[in-house]
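Student: The structure under discussion is supplied below as C-alpha cells; questions concerning it will follow.
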Amino acid sequence: MDEKQIIQTESDLMPNVYAKRPTVLVEGKGALVWDINGKEYIDCTSSYGVSLIGHSHPKVVKAIQAQAEKLISCHSSFYNDKRSELLQKLVQITPKGLDKVFLSNSGSESIECAIKLARKSMEKPEIIAVIGAYHGKTMGALSATWNKKYRYPFKPLVPEFKHVQPDNLKAIKEAITDRTAGILVEPIRGEGGIRVPPDDFLPGLREICNSRNILLILDEVQTGFGRTGKNFACEHWNVTPDIMCIAKPIAGGLPIGATIAKENVMNSLKVGEHTSTFGGSPIVCAAACAAIDLFQEENFPRRAANLGAYFKAKLEELMSKRTILKEIRGLGLMIGAETRFEVRNILSKSMERGVLILNAGRNVLRFLPPFVIEKKHINTVIKVLDIVLEEEENERQLSSPSK
Ligand SMILES: Cc1ncc(COP(=O)(O)O)c(C=O)c1O
C-alpha cells in the first residue's frame, strides 16, 4: 500500500477517535523515526512516552527475538522463568515496601487494578482524584479522569469517585469521608499540562493518608521508569505510595501495565478476583527484562536529569526571545512549554520541519523524548521551534520582548 492508501484505509476502518497526523511512520531507531517517504523526524513524543529507551533498541529486539522462538504466551496460571525474572527486577527498581506486582497490558488496566485493590483491601468504595487528572479511558480509569470531554458521553460512570482541587491538601482533607478508600494522583500531571506539585504536596498527602487510614495510589504511568530523573517521580519527594501504577515504557515498546502494591494490600485479592489473559506473557516480560537491564546499566534516570536540564534551559532561553512562550515547567525529560495560544499549528509546522512534539491540553507543548536523545537533536528541536514560533508571532503580529 502507498501512503495515500494507508491513510485512506485507517480512516475507513478505524473509528475517528485519534487526532491523526497526516504521516505514515514506518521505521524508528533511537530518538529518530522515518515516514514512508524516508523523511526523518526527531521524536519528542516517544509514542506518548512509550519508547523511552529509544525506538527498537537492539537489546530489546534481541530479547524479543530469542523469547519468540522459545515461548510467546504463557497464562499466569502457569509459572514462567521470564515472568519471575521481571517480577524480581520490578520489585528491585520500585520504592522499598512495594513487594507485590499484578501484571497487565496498559496504563488504564494498571489503574483498574489499583481501584479494585483499594476497594477490596479497605472494604470502602470511594476514591478521591484531582481536577485535571488523567488516568485513562476504561470505565474505572475514566471515572478518575477529569476532562468532561472524555467522561460525559459515557455516563453513568463508576460511582463513588470525586474530584478535588489539585495540589491542595486542605481540599483533600475536607473531601475524605468514612467511605474513602484511597486517593489517586499523578505525581506530576501529564495530560493536565505538565504540572509539578509544590514540594510539600506529596509528603503532606502521605501524612494525611497515614493519619486518616486511607491508601495513597500514585499513577506513575507517564512519570515512571526514569522519565523525570529519578526511577519513579515519587522519589523526588521521598514518598512511597501504598499502590503504584506503571506502564508505558517498561517493556521497551511492547504493551504492559503493572500495579505494584504493599504486600498486605495486594494480598486482599483472592483467586479469580482479578486476572488477565495476556498480562505477564513471556515475550513482554523478556522485553521488559532487557529494558530494565539497560535502564540500570546506562543509568537512564541520571541521563534524563542531565538532558532534561539542558533541554529546559534551552527552552527558557527561547522563551526570553519568543513572546508566545509563557512558562516552561517539568522535571527530567518530561517538559511542558505553555504558550499564549493553541499549539495545534505549532505541532503541525514543527512536524513539517522534522520535529514531533505532543500537546498537553490546548496550549501546552509537551516534550517526552527518549533517554537516547542527544544534545545535537535538542539543539535542532530548539532551532525548529524558534523558526515556527517566529512564524506564529508574525501571523499573530506579536512583538518580541526585546522590541
Ligand atoms: C498518567 C496516565 N495514566 C494512565 C494512562 C492510560 O494509559 P493507557 O493509554 O496505556 O491505557 C495514561 C496515558 O496516557 C497516563 O498518561
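The values are calculated or read from the model by the stated rules, or taken from the named source; none is laboratory data. Everything quoted here is computed from the prediction, not taken from an experiment. Note that each Cβ is placed from the backbone with ideal geometry, even for glycine, and that neighbours are counted across all protein chains shown.
Student: From the list Ile131, Ile111, Ile115, Ile127, which residue is within 20 Å of Cys209 (Cα to Cα), surrounded by fewer than 19 Cβ atoms within 10 Å (Cβ to Cβ) and either among the β-branched types (Val, Ile, Thr) or away from the ligand (no atom under 16 Å from the Cβ) (or both)?
Tutor: Values: Ile111 fails: surrounded by fewer than 19 Cβ atoms within 10 Å (Cβ to Cβ); Ile115 fails: surrounded by fewer than 19 Cβ atoms within 10 Å (Cβ to Cβ); Ile127 fails: surrounded by fewer than 19 Cβ atoms within 10 Å (Cβ to Cβ).
When all the criteria are applied, what remains is Ile131.
Student: While we're here: Could you give me the residue pairs with C-beta distances under 7 Å whose first residue belongs to segment 35-50 and is closer than 17 Å to Ile378 by Cα and in contact (Cβ under 8 Å) with a residue 40 or more places away in the chain, whose second residue is β-branched (Val, Ile, Thr) and away from the ligand (no atom under 16 Å from the Cβ) wherever it lies, and which are 6+ apart or on separate chains?
Tutor: Tyr41/Val33; Tyr41/Val355; Ile42/Val355; Ile42/Thr380; Ile42/Val381; Asp43/Val33; Cys44/Val355; Cys44/Val381
Student: Okay, next question. Is one or more of the residues making up segment 59-79 within 16 Å of the ligand (Cβ to nearest atom), under 24 Å from the mean Cα position of the chain (by Cα) and in contact (Cβ under 8 Å) with a residue 60 or more places away in the chain?
Tutor: Taking segment 59-79 and keeping what is within 16 Å of the ligand (Cβ to nearest atom), we get none.
No - not one qualifying residue is present in segment 59-79.
Student: Taking helices (runs of 4 or more DSSP H) that fall entirely within segment 100-205, which contain at least 3 residues that are among the basic types (Lys, Arg) and outside the structural domain of Arg362 (by TED's automatic domain parsing)? Show your work before the answer.
Tutor: Details: elements: 107-122, 139-144, 148-151, 169-175.
So the answer is 107-122, 148-151.
Student: Of all the strands (runs of 3 or more DSSP E) wholly in segment 297-403, which have at least 1 residues that are under 15 Å from Thr45 (Cβ atoms) and of a type outside the set (Gly, Ala, Ser)? Give the derivation first.
Tutor: On the way: elements: 325-331, 334-339, 364-367.
The qualifying strands (runs of 3 or more DSSP E) are 334-339, 364-367.
Student: In segment 92-103, which residues are under 24 Å from Ala181 (Cα atoms) and either more than 15 Å from the ligand (Cβ to nearest atom) or touching a helix residue (DSSP H, G or I) at 6+ places or on another chain (Cβ under 6 Å) (or both)? Steps first, answer last, please.
Tutor: As a first pass, look at segment 92-103 and keep what is under 24 Å from Ala181 (Cα atoms): 94-103.
Matches in segment 92-103: Thr94, Pro95, Lys96, Gly97, Leu98, Asp99, Lys100, Val101, Phe102.
Student: Condition check: free of Cβ contacts under 8 Å to residues at least 40 places away in the same chain and of a type outside the set (A, V, I, L, M, F, W, C). Does Gly253 satisfy that?
Tutor: On the way: free of Cβ contacts under 8 Å to residues at least 40 places away in the same chain: no; of a type outside the set (A, V, I, L, M, F, W, C): yes.
No; evaluated as a whole, the condition is false for this residue.
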